[in-house]
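First up is the structure itself, then whatever we jot down about it.
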Amino acid sequence: MPPNPSRGARHTVSGLAAALLALAVPMAAAQPASAAGPGQVSTVTYTAAERTAALSHWTPARMKQVGRGVDLGATGPLSKPWTGKAVPSIGRLFFVDSRGQDTWCTASAVTSGNRSVIMTAAHCARLGSSPVNTYSDIVFVPGYAKGKAPYGRYAVKSTMTPRSWAEDTVNDVAAMVVATPAKGKRLTDAVGAQKIAFGRPTGKRVTAFGYPGTTPQRGERLLYCAGTTQRAPEGEQRVPCDLGGGASGGPWLADFDSTTGKGTVVSVNSHGAGDGGSPMYGPMFAKTARAVYDAAQRG
């Protein structure tokens, strides 16, 4: 998982987290979230050859193998397997991190002009406070379940993160644009899309989803938590939830309808509490999140 430096006592919930990497990295000072404007979005693009290589890298066997050697402890009491209607717009996001290690996060397809945008956490796209450390071989597998990719695999062709993340580890949100398979449909034409909203106040109930590497699921099943959001310092919000590493980037869905599997993305899983448990923190979706989303729509 990407070695995302924590601010203060916070621990990330990136794919395999520091529990696997055990790497000391510079810690960014706690800062308030900054507003994004023109020029404040960092974009990384991947060539057609790189996307082909990514799809070749993430074979079905490799996708299953990446979680088998992970032991992040038992799944928490607030995290439950999703057993309702399938939610194909949510999937597992596989990639190779800046240390060359296979890992994963969670992402969701959202409504967009190009019908090809997914939302996730910035630390699932690149290392914070280190502009040159971006990730490679990024592939989104919508509706992933127990080694199967029922809706195919989508190689990521560009990632958009706040420049404040690349430089200062602030604003943990990312948008990505996936390439349409040669003989397939555009992403949201194939799997549907969640709505997305910006500027929503806290105090509302959300359902947070993710593919944590905790036992016994180890990334093979979609789990969820549900609760009421509260405002938190540093431009964040929190919700009672103990989804573990691998759930990073998973959507917080407001107005979620379990009969349709649809809601509105108002944040993404960023990090847990200092002890790795509840609550879960996520960025407020305001100007910064809107800027990266709009950049992706144009991608």
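Confirm whether GLY299 is touching a residue at least 24 places away in the same chain (Cβ under 8 Å), at positive phi and part of a loop (DSSP other than H, G, I, E, B). So GLY299 fails the test. Answer yes if at least one residue in the stretch 192-199 is exposed (fewer than 15 other Cβ atoms within 10 Å of the Cβ), at positive phi, in contact (Cβ under 8 Å) with a residue 40 or more places away in the chain and not basic (Lys, Arg), and no otherwise. For the stretch 192-199, residues exposed (fewer than 15 other Cβ atoms within 10 Å of the Cβ), at positive phi, in contact (Cβ under 8 Å) with a residue 40 or more places away in the chain and not basic (Lys, Arg): present. Among the residues making up the stretch 166-177, those that are of a type outside the set (Val, Ile, Thr), buried (at least 19 other Cβ atoms within 10 Å of the Cβ) and either part of a loop (DSSP other than H, G, I, E, B) or at pLDDT below 95 (or both) are ALA166, ASN171, ASP172. Candidates THR180, THR228: the one that is among the hydroxyl-bearing types (Ser, Thr, Tyr), open to solvent by 40 Å² or more (accessible area, probe 1.4 Å) and in contact with a helix residue (DSSP H, G or I) (Cβ under 8 Å, 6 or more places away or on another chain) is THR180.
For (1) in contact with a Lys or Arg (Cβ under 7 Å, 6 or more places away or on another chain); (2) at pLDDT below 95; (3) assigned to a loop (DSSP other than H, G, I, E, B), each residue gets a yes or a no:
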{"residue": "ASN4", "(1), (2), (3)": "no, yes, yes"}
{"residue": "GLY8", "(1), (2), (3)": "no, yes, yes"}
{"residue": "VAL25", "(1), (2), (3)": "no, yes, yes"}
{"residue": "ALA29", "(1), (2), (3)": "no, yes, yes"}
{"residue": "PRO32", "(1), (2), (3)": "no, yes, yes"}
{"residue": "GLY39", "(1), (2), (3)": "no, yes, yes"}
{"residue": "VAL70", "(1), (2), (3)": "yes, yes, yes"}
{"residue": "PRO88", "(1), (2), (3)": "no, no, yes"}
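Close contacts from the stretch 103-114, counting a first residue that is farther than 18 Å from VAL266 by Cα and part of a loop (DSSP other than H, G, I, E, B) and a second that is open to solvent by 10 Å² or more (accessible area, probe 1.4 Å) and of a type outside the set (Ser, Thr, Tyr), with Cβ to Cβ under 9 Å and a gap of 6+ residues or different chains, come to GLY113/GLN297; GLY113/ARG298; ASN114/ARG186; ASN114/GLN297; ASN114/ARG298; ASN114/GLY299. For GLY277, the conditions (1) open to solvent by 50 Å² or more (accessible area, probe 1.4 Å); (2) assigned to a loop (DSSP other than H, G, I, E, B); (3) in contact (Cβ under 8 Å) with a residue 60 or more places away in the chain all hold with the exception of (1). Evaluation of ASP137 against the conditions (1) surrounded by 24 or more Cβ atoms within 10 Å (Cβ to Cβ); (2) part of a strand (DSSP E or B) shows that the sole unmet condition is (1). Evaluated against (1) polar (S, T, N, Q); (2) surrounded by 18 or more Cβ atoms within 10 Å (Cβ to Cβ); (3) without any contact (Cβ under 8 Å) to a residue 60 or more places away in the chain, ASN269 falls short on exactly one condition, (3). Being in contact (Cβ under 8 Å) with a residue 24 or more places away in the chain and open to solvent by less than 10 Å² (accessible area, probe 1.4 Å) is the requirement here; does GLY246 meet it? Yes; evaluated as a whole, the condition is true for this residue. Does any residue in the stretch 74-102 that is at positive phi come within less than 6 Å, Cβ to Cβ, of a residue that is at pLDDT below 95 and open to solvent by less than 60 Å² (accessible area, probe 1.4 Å) six or more places away or on a different chain, and which pairs are these? Close Cβ pairs satisfying both conditions: none exist.
The values are calculated or read from the model by the stated rules, or taken from the named source; none is laboratory data. All values derive from a computational prediction rather than experimental measurement. Reconstructed Cβ throughout: ideal geometry from the backbone, glycine too, with neighbour counts over all protein chains shown. In case anyone asks, the SASA skips ligands and DNA or RNA and just uses the protein heavy atoms, side chains included. Shrake-Rupley method; radii C 1.70, N 1.55, O 1.52, S 1.80 Å.
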